[in-house]
Structure formats: C-alpha cells, structure tokens
Amino acid sequence: MLISLVKRSVIALGIGLLSLPAYSEVRVFACEPEWASLTQALGGEHVSIYTATSNEQNPHYIQARPSLIAKARRADLLVCTGAELEIGWLPLLIRKSGNPAIQVGQKGHFLATDTMTLLGKPAVLDRSLGDIHAAGNPHVHLDPERLLTVAERVTQTLVSIDVANSEDYQRNLAVFSEEWKEKMVAWRSLASPLRGQSIVVHHDNWLYLQQWLGLNKLAALEPKPGVPPTSSHLSGLVSQVKQTDVYGIVYANYQDKKAADWLSDKTGVATLALDFSPASGERLVQWYERLINQLVQLNH
Ligand SMILES: [Zn+2]
C-alpha cells in the first residue's frame, strides 16, 4: 500500500517534469509604477509584481539600496524605461543582483524605450547644457500611442518567458488595447481646447504629453535640465510669460513647487501639479484620464 503510494507520486512527479515549464507566477521587477500597472494588466493572475519606485519619487534619482537588489535577485523579468532614465541606479542594481535572467540581452531584461524612436534626441551631446538624456526623451509612458506599442512588446516578453499561459496574455492584451484605444478617442476630444496652448514646465519631462495634446512648451523653470531653478532664470521668465498667453505652469508631483508658485505669483498664471506616474494600485487608464481632466479643468 505504502509502496504503491510512493510509486504513484514518483510517476506524478515525472509527468510534471515532462510538461511545459509553467510558472506558478512570473516575478516582475518594475522600475516605475507605470510599468508595474501595465504589466499587471497584461500579466493578470500569472504575475507578481514588485515596484521599485512610487509616484512620489523622482525616477531619475534612486538609490540601488540592498532591499531593491534583493528583489532584483529573485525577479524573472525586469520592466523598466531605459533610454538612460535609470542610468544612475539600474546598471549597478542589475550587476549587484547577480541574477542571470535580467542581465542585458536576456529576455528577462525589458526596456520600454528599446526599438522605439524617441523625441528630443539632442543633436549635439554637450554635458555643459545640463543633465540631458543623450538617447532622447525617455518619458514615453506619457504618449498613449507609444504605450500601446510597449503593451504589445511586454506581452511578447511574457509569452516568451511563460509560454504555457500565452493565450491568457494575448487575451489580456486585447482587453487592454481595446479599452485604451477607446479612451484615446475620448481623451482627444476632451482635450481639444488645449491644442495650441502654451505651458511652462518645471523639467522637460512632459514632451510626449505636449506633443500628443498639441501643447507648446514656452519655457522650463530649470535653467538647464536637472539644474534646480535659480532666481535669475525665474526673473527672466516673468516678462516672457507676461508677453504670452500662458495656459499653466506644470510640474510633476515629486518636484518642489516653490519655483512654480513664485512665477505664478508674479504673473497670475495658474500652477498644476500632475502625478507623473500612476498611484499605487491605480490602473494606467485611470491615471491618464486624471491627467487629462486636471489639465482641461485648470482654468475653469
Ligand atoms: Zn528626464
């Protein structure tokens, strides 16, 4: 009796080993909340996600601290922005993780900006011009069109890692894309009054949103990218802003609001803090809709 029981479990184990390598779950390390949210939507029940940063942090500057390294060590898939956004911390994190699955060139190493044309690629790379992104502007999650492309590529990656659940991943992609495309139509019409309006930004990280909505960037509060606003630069902006019909002064929720408030005080132009990324647990579609609504309602 006992022997037959043992024999049966050995056989069961043998069958299990021969079948497809189904993951109980794909462990995902997402650098920013937008990729956590997207991968959750596409991976559904087959993924467990750790998000390295919250939407209250500036993703340009993160410490590769031991707790992050430990999470990266156990990940099957890394989903990050790339294009040098995380250049200050991600390469070190990947190296220290010692995890072969997420090294550059492996299928567990996914960068949203790979194989994508980026806006704002500097013609000349001159570091004296500030902390510029040599590969182009990496903040592609603000572009609904590019986001659909990223969704397709994340799905392909999930399928390649966990082929046993490929049907589920494809179905999730279809659901995500359908809703997203419907929303894009709605957002476009909702935001049509913004077309041609000028804004002042804190840092040049809204480029894709500006382009999609047809907003013009008049100026940035930072004198150079990554360099905090100075009083001389801000004073120079006052007359420029007064001469133009400026719709708003836009900054990311994690940025210091002092400079924006100061300029608003001097010019009467309204300020707007936008969440640069989804809040924890927030769906991408909810977050983007929030941005559009806040922008549209700014002067009402
Ligand atoms: Zn940036």
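The values are calculated or read from the model by the stated rules, or taken from the named source; none is laboratory data. From a predicted model like this one, the values you see are computed outputs, not experimental measurements. Backbone-built Cβ (ideal geometry, glycine too); neighbour counts: all protein chains shown.
State whether the residues of segment 287-299 include one that is modelled with pLDDT under 95 and in contact with a Phe, Trp or Tyr (Cβ under 9 Å, 6 or more places away or on another chain).
For segment 287-299, residues modelled with pLDDT under 95 and in contact with a Phe, Trp or Tyr (Cβ under 9 Å, 6 or more places away or on another chain): present.
For segment 91-142, what are the residues that are within 14 Å of the ligand (Cβ to nearest atom) and either free of Cβ contacts under 8 Å to residues at least 24 places away in the same chain or in a helix (DSSP H, G or I) (or both)?
Correct list: Lys121, Pro122, Leu129, Val140, His141, Leu142.
Taking the condition of being within 16 Å of the ligand (Cβ to nearest atom), at pLDDT 95 or above and part of a loop (DSSP other than H, G, I, E, B), how many residues in segment 191-214 meet it?
So the count comes out to 2.
Of the numbered conditions (1) under 20 Å from Val159 (Cα atoms); (2) out of contact with any strand residue (DSSP E or B) (no Cβ under 8 Å at 6 or more places or on another chain), Leu129 fails exactly one; give the number of that condition.
All conditions are met except number (1).
If you check Glu25 against the conditions, is it in contact (Cβ under 8 Å) with a residue 60 or more places away in the chain and not hydrophobic (A, V, I, L, M, F, W, C)? First the steps, then the outcome.
Working: in contact (Cβ under 8 Å) with a residue 60 or more places away in the chain: no; not hydrophobic (A, V, I, L, M, F, W, C): yes.
Taking the combined requirement at face value, the residue does not satisfy it.
Lys224 - would you say it is among the charged types (D, E, K, R) and out of contact with any Pro (no Cβ under 9 Å at 6 or more places or on another chain)?
Values: among the charged types (D, E, K, R): yes; out of contact with any Pro (no Cβ under 9 Å at 6 or more places or on another chain): yes.
Yes, satisfied.
Checking the conditions here, which among Lys217, Lys224 is of a type in the set (D, E, K, R) and part of a loop (DSSP other than H, G, I, E, B)? Walk me through it before giving the result.
Values: Lys217 fails: part of a loop (DSSP other than H, G, I, E, B).
Being of a type in the set (D, E, K, R) and part of a loop (DSSP other than H, G, I, E, B) holds for just one of Lys217, Lys224, which is Lys224.
Identify, please: which residue in segment 72-121 is hydroxyl-bearing (Ser, Thr, Tyr) and buried (at least 19 other Cβ atoms within 10 Å of the Cβ) and is, among those, farthest from the chain's Cα centre (by Cα)? Reasoning before the result, please.
The first filter runs over segment 72-121 and keeps only residues hydroxyl-bearing (Ser, Thr, Tyr), leaving 81, 97, 113, 115, 117.
This time we only want the ones that are buried (at least 19 other Cβ atoms within 10 Å of the Cβ), so: 81, 97, 113.
Values: Thr81: 6, Ser97: 22, Thr113: 10 Å.
Once the filter is applied, the top-ranked residue is Ser97.
Tell me, which residue of segment 34-70 that is surrounded by fewer than 17 Cβ atoms within 10 Å (Cβ to Cβ) and in a helix (DSSP H, G or I) is farthest from the ligand (Cβ to nearest atom)?
Of everything passing the filter in segment 34-70, Glu45 is farthest from the ligand (Cβ to nearest atom).
For the condition among the polar types (S, T, N, Q), under 22 Å from the mean Cα position of the chain (by Cα), in a helix (DSSP H, G or I) and over 25 Å from Leu68 (Cα atoms), what is the one hit in Asn172, Asn165?
Every option except Asn172 fails the conditions.
Mind listing whichever residues of segment 224-254 are of a type outside the set (Val, Ile, Thr) and within 16 Å of the ligand (Cβ to nearest atom)? Even if it seems obvious, please write down each step before you answer.
Our first condition is that a residue be of a type outside the set (Val, Ile, Thr); within segment 224-254, this holds for 224-226, 228-229, 231-237, 239-240, 242-243, 245, 247-248, 251-254.
Passing the criteria: Lys224, Pro225, Gly226, Pro228, Pro229, Tyr251, Ala252, Asn253, Tyr254.
Could you please tell me which pairs satisfy a Cβ distance under 7 Å, a separation of 6+ or placement on different chains, a first residue in segment 180-207 that is of a type in the set (D, E, K, R), and a second residue that is surrounded by fewer than 16 Cβ atoms within 10 Å (Cβ to Cβ)?
Sorted first by the residue in segment 180-207, then by its partner, the pairs are Lys183/Glu289; Arg195/Gly214.
What are the residues in segment 264-300 that are within 15 Å of Ser198 (Cα to Cα) and touching a residue at least 40 places away in the same chain (Cβ under 8 Å), if any?
Val269, Leu295, Val296, Leu298, Asn299
Taking the condition of being in a loop (DSSP other than H, G, I, E, B) and surrounded by 18 or more Cβ atoms within 10 Å (Cβ to Cβ), how many residues in segment 265-274 meet it?
Of the residues in that region, 1 qualify.
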